[in-house]
Amino acid sequence: MSNKDVLLEVKDLEVSFHTYAGEVKSVRGVNFTVNKGEALAIVGESGCGKSVTAQTLMRLIPTPPGIIKNGEILFNGTTDITKISEKQMEKIRGSEMGMIFQDPMTSLNPTMTIGNQIAEGLIKHQNMSKKAARTRALEMLKMVGINNPESRLAQYPHELSGGMRQRIMIAIALACSPKLLIADEPTTALDVTIQAQIMELMKNLQEKTNAAIILITHDLGVVAEMAQRVIVMYAGEVVEQGNVEDIFYNPQHPYTWGLLRSVPRMDTEHGDELVPIPGTPPDLFAPPVGCPFAARCPYAMEVCLEKDPDHFTISSTQSAACWLLHPDAPKVENPVSAGGVKNV
Ligand code: SF4
């Protein structure tokens, strides 16, 4: 992949929150890239830093108490999101990046009509006339599958169902044809049938618009459906990344093994055993020395308690941070590729 294909590059990102109890180190040295037009999923248990990472990419973490302590977020090769003014950021947010949140009610304006909410960004960031923005708003409502779009333009968010509100959020996020769409657990608040419809819609729109997507989710079924690449986060760090096939067919990190065995997936059959990962993630007020997964890892060795593992390259598309990948480490059987979990 050449540099001209890279849309977003995150380098050594560290984000903390200062609280009365002390500093919570939510994101600890995260590195990844997103290529133009690709769908990247960030997965992990709650509190692993995936949502904070997503919000930091759009500079939406409240500061204070949040602070970007270190790192760069290069958008389009040159713009460092961590350094630009709020005014420049606002412009990027309205035109080049869009975000879809878990609960559309918290991000839609309850006092503004749907039509005005879609048109607002177009008038502000794309200098469209009111008339042109209205036409585009109507087009967007049709595109996201809202029926009676003409009459919906004059309605308010509370008059619509949860699924429809999420479609409106997608319409707002895509109205300005962003290069990057960040979706943070976009379907968690919806019932299962609507979830499938919204994911299908996002997939179709992504193919149509060629926008890159960062999808934050704990649902591995959604990952298999939507993403081309996957980042696995644990305790504020990236512990494994690879193509979707790498992660499902040949995962290398014990935490990824645990995740795959612990959550139901679309191919989980009745009677298949789900194995929860024992224990809880470490306290990010005082992250442990060594590998953050050591306290829960059945393969932990002495070195794991002393030194944070290096990132080992497995192939041109996959890497993982685990001492088991060191050439001198004892060989253990991969419980996932050995058939412990069925493949997608
Ligand atoms: Fe387990 Fe050690 Fe690998 Fe961490 S580095 S995941 S403790 S084997």
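Taking 0.36 nm per residue of sequence separation and subtracting the Cα-Cα distance, how much length would be gained by fully extending the chain between GLU333 and GLU207, in nm to one decimal?
Separation in residues times 0.36 nm, less the Cα-Cα distance, equals 41.6 nm.
Can you give the direction-averaged projected area of the convex hull of the alpha-carbon atoms in the chain, in nm²?
18.5
Which cysteines does the chain leave without a neighbouring Cys Cβ under 4.7 Å?
That list is CYS48, CYS176, CYS297, CYS322.
Arrange the peptides 117-130, 157-170 so that the one whose residues have, on average, the most other Cβ atoms within 10 Å appears first.
157-170, 117-130
Listed here are the pairs LYS91/LYS208; LYS131/LYS203; LYS69/LYS331; which of them are more than 27 Å apart at the Cα?
With Cα atoms farther than 27 Å apart: LYS131/LYS203; LYS69/LYS331.
So who's got an amide H within less than 5 Å of the one on MET99, skipping anything under 5 residues away but keeping other chains? H placed 1.01 Å off N, in plane.
When sequence neighbours closer than 5 places are left aside, the close amide H contacts are ILE182.
Could you order peptides 85-93, 27-35 by the average number of other Cβ atoms within 10 Å of their residues, highest first?
Most protected by this proxy first, the peptides run 27-35, 85-93.
In whole percent, what relative contact order does the chain give with Cα contacts below 8 Å and a gap of six or more residues?
In percent, rounded to a whole number, it is 19.
Using a Förster radius of 51 Å, what is the FRET efficiency between THR135 and ASN70 based on their Cβ-Cβ separation? Nearest 0.05, please.
The value I calculate is 0.70.
Highest mean first, what order results for 305-317, 284-296 on Cβ atoms within 10 Å?
Answer by packing, highest mean first, reads 284-296, 305-317.
For the stretch 54-186, calculate the relative contact order in percent as a whole number, restricting contacts to Cα pairs under 8 Å that are 6 or more residues apart.
Across the stretch 54-186, relative contact order equals 33 percent.
How much accessible area per residue does the chain have, in Å², with a 1.4 Å probe?
Here the per-residue accessible area is 47 Å².
If Lys and Arg each add +1 and Asp and Glu each add -1, what is the summed charge of the other residues whose beta carbon sits under 13 Å from the beta carbon of ILE231?
Charge balance near ILE231 sits at -2.
Extending each Cα 7 Å along its Cβ direction at SER316 and GLU159, get the distance between those two points in nm, one decimal.
About 5.5 nm, to one decimal.
The values are calculated or read from the model by the stated rules, or taken from the named source; none is laboratory data. Computed from a predicted model, the values in this text were never measured in an experiment. Cβ atoms come from the backbone with ideal geometry, glycine included; neighbour counts cover every protein chain shown. Each accessible area value is taken on the protein alone, full model and side chains, heavy atoms only, with ligands, DNA and RNA left out. Shrake-Rupley method; radii C 1.70, N 1.55, O 1.52, S 1.80 Å.
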